[in-house]
Amino acid sequence: MTTSGPDGPTKPIDAGPDAPTSPTGRPEPATRRIARAVRGVLTDTRPLRTPAYRRLWTAGIVTVIGAQLSVVAVPAQIYELTGSSAYVGLTGLFGLVPLVVFGLWGGAIADAMDRRTLLLLSGAGIALSSLALWVTAASGVGGVWLVLGLFAVQTAFLAVNQPARNSVIPRLLPADQLPAANTLNMTVYQTGAIAGPLLAGVLIPVIGLPTLYLLDAVALLATLWATWKLPPVPPETGGERRRAGLREIAEGFRYAALHAVLLVSFLMDIVAMAFGMPRVVFPELAQTVYGDPPGGGLAYGLLFAAIPAGMVIAALFSGSLNRIRRQGVAVTLAICVWGLGVALFGLAGSLWLAVIFLAVAGAGDMVSGVFRMSMLQSVATDEMRGRMQGVFSVVVVGGPRVADMWHGPAADWWGPGMAATVGGVLVVVGAVVVAAAFPAFWRYRPVHGV
């Protein structure tokens, strides 16, 4: 910019040494600087420019909402059948065993066969198990043990599906887009986790609980279509024929043990979820404290939706995460936020305070999850990525199952609120202890810029 004097234009005004400039060398307009700053704060959407990833991501919106209908339906049905949070807590045991066995085995399979084919087979199994739950609930045949058994079968298919799905993403996108892709994936998952429980809470009194399972099965068709459109995704084995047995699973554990960043990232999530996930107390709190009718209602849906709501809000303003280099510090602090939110939730005296505290916890969990997944995808080689994703899936989903197993009895002994508070406090203590014991994780920075 120049000024004009009586003798014509004078020298340009000094905009300062730090003023942003346009490609022509002139100071960048304020409106453009503001727009660029806003884009830097909001979610990075570059991965959506890749068609294969965009199809998977878009289909996931529908599928995740359907899946959350079943997530809400199973504990609600069990509580309706038994009237006991301890029985609801058995979903932890019936989910944990197939998760561990088939999650680890599924990771080995994903390193031995085409991952697209594995996704199609396991996705079809998930849909069929949802149909079986629908038939059981609609007909009234069987009881709580049949529901738990079908739930275990569905969990087994999910455990095989997840390592393959997460292993595909680094093959579709460049490394510098992985944090953004993981944020987008979590945004879809958590948006569905908000819409699904709220929708379930509204639909249960109208169409009945069994229909939720049917809607889940239909919604899975979207992801099966997007998977069918993928190109073949064979593991990079250099032409070597690979098996998927106990030896290969053991190799995955040895690999994780030799990479401290991976090992501690798994341990951190175990601390966060095994101590802190309070979902098993939601049915009892909704009915006995927040006034829901038997079978579930709005309060039940809000409690389930609160954590993912916090995650989505954090994800919408996650652009600045791409600039964070000290990822170990970020994970540790984020897990402490999760623990504090859960602890305060247990002490909340009203439904809306409970929802707010759970949302704060969810924001911390989102940040932790993005960086832990990015660590895994960056550190692990492709030939080991399926097995590492298998371990990751076992940890991510297995931790809450462990929490279910002890939160249920604790709720019967101490009350549901106190059980949640104790768990949240243990999360904070555990995260601090782990960070102090493994300073290399606290200092971790990625090799490649993000």
Can you give me the number of residues within segment 139-163 that are surrounded by fewer than 20 Cβ atoms within 10 Å (Cβ to Cβ), free of Cβ contacts under 8 Å to residues at least 24 places away in the same chain and in a helix (DSSP H, G or I)?
3
Can you spot a residue in segment 211-226 that is at pLDDT 80 or above and of a type in the set (D, E, K, R)?
yes
Considering segment 280-297, residues that are surrounded by fewer than 21 Cβ atoms within 10 Å (Cβ to Cβ) and not β-branched (Val, Ile, Thr), and then whichever is modelled with the lowest pLDDT, we arrive at GLY295
In the list VAL62, VAL97, which residue meets the criterion of being surrounded by fewer than 24 Cβ atoms within 10 Å (Cβ to Cβ) and under 20 Å from TRP134 (Cβ atoms)?
VAL62
Does segment 179-188 include one or more residues that are outside any helix (DSSP H, G or I) and of a type in the set (A, V, I, L, M, F, W, C)?
no
Need pairs with beta-carbon distance below 7 Å; first residue assigned to a loop (DSSP other than H, G, I, E, B) and within segment 308-331, second at pLDDT 85 or above and small (Gly, Ala, Ser); sequence gap 6+ or separate chains.
ILE324/ALA330
Need pairs with beta-carbon distance below 9 Å; first residue closer than 19 Å to LEU172 by Cβ and within segment 104-117, second part of a helix (DSSP H, G or I) and of a type in the set (Ser, Thr, Tyr); sequence gap 6+ or separate chains.
GLY107/SER167; GLY107/SER393; ALA110/SER167; ASP111/SER167; ARG115/SER167; ARG116/THR227
For segment 98-117, does any single residue satisfy the condition of being of a type in the set (Phe, Trp, Tyr) and over 24 Å from ARG279 (Cβ atoms)?
yes
Which one is nearest to the chain's Cα centre (by Cα) among residues in segment 79-91 that are of a type outside the set (Ser, Thr, Tyr) and surrounded by fewer than 24 Cβ atoms within 10 Å (Cβ to Cβ)?
LEU90
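The values are calculated or read from the model by the stated rules, or taken from the named source; none is laboratory data. No experiment lies behind these values; they were computed from the predicted model shown. As a convention, Cβ positions derive from the backbone with ideal geometry for all residues, glycine included, and neighbour counts pool all protein chains shown.
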